[in-house]
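Working notes, beginning with the structure itself.
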Amino acid sequence: MRFRSLLVPLLFLSASITADASEFVRASIYFVPWRVESYVAMRPEDVRNAAQHREIGSRVFRVTSAVRIAEVLGVLDLGALHPERADYREDTRLVVDFFDRSGKETSYRANPGFLANLRNTMRRPIDAGFRKYFETFTP
């Protein structure tokens, strides 16, 4: 019985993530190489700034093609995110900001081990294929 009471909200959350994803019309992808060392943990804002200024091998990409947005969403696999409270001080190397038709922003962040929403309430482990995709990403 307890399992069923947990399953329904999770299914609803998964469906809402998917429904929102179909509405995205553009994405901004900010990437700092996975193995760059820093003295303090990089926050999503730090990654965005570094990428915009092309610091330490970082890059920023703007995606407006529906096909490419769907591809990025497929790699992110948002449906696999599960509730978990993570450490806010974790290093960030990738930030993906999606925008819907009204301009509402939905963002995700990743370090070499995990993908999470910005509030770190949902996350999932990532693998070498995920890391390689964004290392070699071209718009």
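The values are calculated or read from the model by the stated rules, or taken from the named source; none is laboratory data. What you see is a predicted model; the values in this text were computed from it and never measured. Counting neighbours? That spans all protein chains shown, and the Cβs are built from the backbone with ideal geometry, glycine included. Only protein heavy atoms, including side chains, enter the accessible area calculation; ligands, DNA and RNA are left aside. Shrake-Rupley method; radii C 1.70, N 1.55, O 1.52, S 1.80 Å.
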Point to revise | Residues (open to solvent by 10 Å² or more (accessible area, probe 1.4 Å) and free of Cβ contacts under 8 Å to residues at least 40 places away in the same chain) located in region 89-110 | key: SER102, GLY103, LYS104, GLU105, TYR108
Point to revise | Candidate set from region 118-139 (those that are open to solvent by 30 Å² or more (accessible area, probe 1.4 Å) and either polar (S, T, N, Q) or closer than 18 Å to ASP46 by Cβ (or both)); member that is nearest to the chain's Cα centre (by Cα) | key: LEU118
Review point. What are the residues in region 40-64 that are within 18 Å of THR106 (Cβ to Cβ) and open to solvent by less than 70 Å² (accessible area, probe 1.4 Å), if any?
Key: PRO44, VAL47, ARG48, VAL60, PHE61, VAL63
Exercise for review: Examine region 40-55 for a residue that is over 17 Å from GLU135 (Cβ atoms) and in contact with an Asp or Glu (Cβ under 7 Å, 6 or more places away or on another chain), and state whether such a residue exists.
Suggested key: yes
Check your understanding: Residues of region 84-99 being modelled with pLDDT of 95 or more and over 24 Å from TYR39 (Cα atoms), which ones?
Key -> ASP97, PHE98, PHE99
Study note, to complete from the structure: Of the residues in region 105-115, those that are in contact with a helix residue (DSSP H, G or I) (Cβ under 9 Å, 6 or more places away or on another chain) and not hydroxyl-bearing (Ser, Thr, Tyr) come to ARG109, ALA110, PRO112, LEU115
